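First the structure, in the form of structure tokens, and then the observations on it.
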Amino acid sequence: MKVGLVLGAGGIQGGAWLTGGLDALAEQTGWDPAEADFVVGTSAGSMIGALCASGIPPWFMVAHSRGEVFDGVVDARGGPAADADRAAGARFELVRTWPPIGPGSWRLALRTLANPGRYTPATVATGWIPRGIFSTESLRDTIRRVVPDGWSSHPNLRIVACDYETGRRVAFGRDGSPEADLADAVAASCAIPGIYHPMTIDGRRYIDGGIYSASNLDLLRDDGLDLVICLNPTSTLHPLRAINPRDAFNIAFQRASGRRLGNEAKKLRAAGVEVVLIQPLHDDLHAMGPNLMSTRNRNQVIEVARRTVAEQLAEPRNRELLADLPQGDPRVIRRPEGAPAEWPDWRTLRPGGVGSD
């Protein structure tokens with residue numbers, strides 16, 4: 001059985017939701033998400049997907065976010081794993097460059113102005129938004145603690161970003177795409193326009209892959225898979241209905257994300273691929289709040305997601321589709337071959353305390 005795993009965009013809160021959701025998926029099915037034949041990550045999903053595919057299991061992400069410290073566990077560079085950022089690099093540090101003036105990408109702005117019908121509304125707006133002012137260095141540092149340089153050991157990890165001049169989708173790690181270090185590709189995929197400074201790779205600037213699609217599920221249409229599992233933080237099975245001006249953007253974004261996700265799923269199903277879609281429920285939306293870039297409440301979001309995702313996995317149709325997942329050991333910590341770190345077996349790990357982060 002060939003399985004694909006797709007992790008969608010969702011900001012800081014969406015990354016927390018994905019962390020809890022992946023932990024529930026591993027716990028409820030006994031399947032190791034790192035064993036997926038293909039992994040596609042966009043924005044927040046690129047960060048969580050890259051960590052998981054490169055050897056960090058969801059349970060460890062959950063424990064690390066809580067502030068737990070495991071004695072003797074070091075990262076791929078030999079430093080204490082406890083020193084890694086507890087929010088997966090979600091820090092806002094100003095980039096050292098000239099302040100942004102005018103549209104962030106004149107070329108993209110003019111392209112979309114000439115033919116707006118060819119682009120998504122998000123892409124049309126992106127060119128005109130001033131360039132982001134926050135550095136992606138903390139995001140890159142999080143990835144480098146697992147993969148110091150080069151690409152992941154996972155053979156089919158795809159990290160989705162958008163070209164800042166053309167608006168076209170680029171799946172780093174896919175044949176024919178530009179070569180990039182994993183840390184740079186994830187930073188590009190997370191570079192939300194107007195917030196993060198665009199990431200330059202091989203002379204071209206890239207921004208958040210969610211500008212093209214929050215899910216990018218259709219990237220796996222032609223890869224001969226039997227099943228694709230998609231966790232998408234920005235669509236929902238319980239849409240907001242309250243009439244509140246501050247919720248207007250979220251409602252519009254969720255609906256657009258949901259429509260795009262549904263269309264992408266139809267393409268896969270038409271190609272004979274079964275699809276399991278996991279999305280936030282009402283309790284998830286309440287925990288995440290209206291600001292997906294908020295750093296508050298991450299651990300509550302994780303815990304709520306562990307429960308609500310488990311509920312969705314237990315639904316009869318999903319349970320039937322997931323019944324044939326290959327069984328593994330989702331609690332094993334894997335290290336890329338040749339990395340300097342030597343992780344203990346998970347059965348010997350005991351919390352050595354709670355960090356101060």
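The values are calculated or read from the model by the stated rules, or taken from the named source; none is laboratory data. These figures come from a predicted structure and were not determined experimentally. Don't worry about glycine lacking a Cβ; one is built from the backbone with ideal geometry, like all the others, and counts go over all protein chains shown. Just so you know, the surface numbers come from the protein's heavy atoms only, side chains and all, with ligands and any DNA or RNA stripped out. Shrake-Rupley method; radii C 1.70, N 1.55, O 1.52, S 1.80 Å.
Within the stretch 295-326, which residues are under 24 Å from Q13 (Cβ atoms), open to solvent by less than 90 Å² (accessible area, probe 1.4 Å) and touching an Asp or Glu at 6+ places or on another chain (Cβ under 8 Å)?
Hits for the stretch 295-326 are V301, I302, V304, A305, R306, T308, A310.
Please specify each residue of the stretch 130-143 satisfying the condition of being open to solvent by less than 60 Å² (accessible area, probe 1.4 Å) and either closer than 18 Å to A44 by Cβ or among the small types (G, A, S) (or both).
Within the stretch 130-143, G132, F134, S135, T136, S138, L139, R140, D141, T142, I143 qualify.
Out of (1) of a type outside the set (A, V, I, L, M); (2) touching a residue at least 12 places away in the same chain (Cβ under 8 Å); (3) open to solvent by 50 Å² or more (accessible area, probe 1.4 Å), the odd one out for G127 is which?
Here G127 meets the rest and fails (3).
Answer with yes or no whether G41 is in contact with a helix residue (DSSP H, G or I) (Cβ under 7 Å, 6 or more places away or on another chain) and part of a strand (DSSP E or B).
Yes.
Provide a single number: the residues in the stretch 190-222 that are touching a residue at least 40 places away in the same chain (Cβ under 8 Å), over 18 Å from L277 (Cα atoms) and in contact with a Phe, Trp or Tyr (Cβ under 8 Å, 6 or more places away or on another chain).
12
Six or more apart or on different chains, Cβ under 6 Å: which pairs go from a residue in the stretch 143-167 that's closer than 28 Å to R86 by Cβ and in contact (Cβ under 8 Å) with a residue 60 or more places away in the chain to one that's among the polar types (S, T, N, Q) and assigned to a loop (DSSP other than H, G, I, E, B)? Could you list them?
Matching pairs, first to second residue: V146/S54; V147/S54; S152/S54; V160/N216.
Matching residues to (1) of a type in the set (A, V, I, L, M, F, W, C); (2) under 18 Å from the mean Cα position of the chain (by Cα); (3) within 19 Å of E27 (Cβ to Cβ); (4) part of a loop (DSSP other than H, G, I, E, B):
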| position | (1), (2), (3), (4) |
| --- | --- |
| K266 | no, no, no, no |
| G272 | no, no, no, yes |
| N299 | no, yes, yes, no |
| T308 | no, no, yes, no |
| Q312 | no, no, yes, no |
